[in-house]
Amino acid sequence: MSRSRRGRLDDAARFVADAKTYAAEHSIKHLSPALLLAEGRVCAARGDLAAALDAFAQAEALALGMGMRPAIMQARAGAAGVLKNLGRTDEADAKLLAARAMAEEIAALFHVDKLREAFVKNANARLS
């Protein structure tokens with residue numbers, strides 16, 4: 001990894017840590033899933049796959065409790081990518097299937113067929 005990329009990832013990690021601290025100090029709980037998703041992405045980019053998997057698991061658990069379907073989908077997709085990189089393909093496939101199921105659940109909320117179809121198409125492209 002280049003020094004420049006490492007520096008940007010270190011900056012991103014500090015930014016996420018600062019944001020998590022701020023959110024905790026000000027009881028802004030609804031941001032926690034998004035911040036954990038960011039933390040998981042940064043950890044994955046840095047190669048810390050165990051920490052990434054933990055952050056995605058925490059994000060999913062909090063988002064489930066808050067009914068935040070898009071964050072649930074993103075956490076599952078992030079975890080699937082990490083699990084795939086760890087060679088845990090069966091678990092990765094199960095997480096990806098769960099992410100796709102959440103995309104379908106979200107799509108079911110759309111009452112306009114074209115919008116529902118566009119959402120599913122976009123979600124499937126991002127989840128592949």
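Compared with the dominant principal axis of the Cα atoms in the chain, helix 49-66 is inclined by about 50°. Mind checking the angle between helix 89-107 and the chain's longest principal axis? C-alpha axes, 0 to 90 degrees, to the nearest 10. Helix 89-107 sits roughly 60 degrees off the main axis of the chain. The helix-based estimate of mean residue ellipticity at 222 nm for the chain, built from -39,500 (n - 2.57) per DSSP H run of four or more residues and divided by its residue count, is -28500 deg cm²/dmol to the nearest 500. Volume per residue of the convex hull around the Cα atoms, evaluated for the chain, comes out as 113 Å³. Relative to the Cα centre, the charge distribution of the chain, modelled as +1 at Lys and Arg Cβ and -1 at Asp and Glu Cβ, gives a dipole magnitude of about 420 debye. Averaging the sequence gap over all C-alpha pairs within less than 8 Å and six or more residues apart, then dividing by the number of residues, gives the chain a relative contact order of 16 percent.
The residues neighbouring Leu36, those whose beta-carbon lies less than 11 Å from its own, together hold a net charge of -1 under the Lys/Arg +1, Asp/Glu -1 convention. Each peptide in 84-96, 66-78, 46-58, 112-124 gets a packing score, the mean of other Cβ atoms within 10 Å over its residues, and the list from highest to lowest is 66-78, 46-58, 84-96, 112-124. Compared with the dominant Cα axis of the chain, that is its longest principal axis, helix 3-25 is turned about 80°.
No lab work stands behind these numbers, since they all come straight from the coordinates. In this text, all values refer to a predicted model and were calculated from it rather than measured experimentally. No Cβ is skipped: glycine too gets one built from the backbone with ideal geometry, and neighbour counts run over all protein chains shown.
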